[in-house]
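The values are calculated or read from the model by the stated rules, or taken from the named source; none is laboratory data. Just so it is clear, the structure is predicted and the values come from calculations on it, not from any experiment. Every residue, glycine as well, gets a Cβ built from its backbone with ideal geometry; the counts of neighbours run over all protein chains shown.
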Amino acid sequence: MASEEGQQHPLRIYWIMWIALFILSGFSYWTDFWPDGALRQTAILTLMFMKAGGIVWIFMHMGWERLALKLAILVPPVFIGVLIWLMAIEADYTFLTRIEFFGESTMEPQTPHH
């Protein structure tokens, strides 16, 4: 008979995570009663990332993986996020350039003063 090797995680950690997700979801629903604005959006995104991080860390067993695998999985989305952020910064410039090029702009060209 071959002996089976493996690791059994205690159920307690799963119950703690389940309760934490329940509490974080309650806070997430509570933000529905907040007025629209940057604070509400920041709170929603923060709670979303906390819940997603907990699910990945505990239920997908990322917390027990080697550092190399953690980095291989977690670093590429960070780079993608940075690229999305850079595209968002450039979006206004591109939009305003198109308006100016297609003649819908009300800007008058400036003549240099000598």
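A count restricted to segment 73-98 and to residues that are modelled with pLDDT of 90 or more and either part of a loop (DSSP other than H, G, I, E, B) or among the small types (Gly, Ala, Ser) (or both) stands at 1. Counting the residues of segment 15-46 that are loosely packed, with under 14 Cβ neighbours inside 10 Å, of a type in the set (Gly, Ala, Ser) and modelled with pLDDT of 95 or more gives 2. When residue 13 is tested against (1) over 20 Å from the mean Cα position of the chain (by Cα); (2) free of Cβ contacts under 8 Å to residues at least 40 places away in the same chain, exactly one condition is not met: (2). Report yes if some residue within segment 47-60 is surrounded by 10 or more Cβ atoms within 10 Å (Cβ to Cβ) and either over 27 Å from residue 14 (Cα atoms) or in contact with an Asp or Glu (Cβ under 6 Å, 6 or more places away or on another chain) (or both); otherwise report no. Scanning segment 47-60 turns up no residue that is surrounded by 10 or more Cβ atoms within 10 Å (Cβ to Cβ) and either over 27 Å from residue 14 (Cα atoms) or in contact with an Asp or Glu (Cβ under 6 Å, 6 or more places away or on another chain) (or both).
Considering only segment 32-65, how many residues are out of contact with any Ser or Thr (no Cβ under 6 Å at 6 or more places or on another chain) and closer than 23 Å to residue 16 by Cα?
Residues of segment 32-65 that are out of contact with any Ser or Thr (no Cβ under 6 Å at 6 or more places or on another chain), as a first pass: 32-39, 41-42, 45-46, 48-65.
Next, only the ones that are closer than 23 Å to residue 16 by Cα stay: 45-46, 48-65.
So the count comes out to 20.
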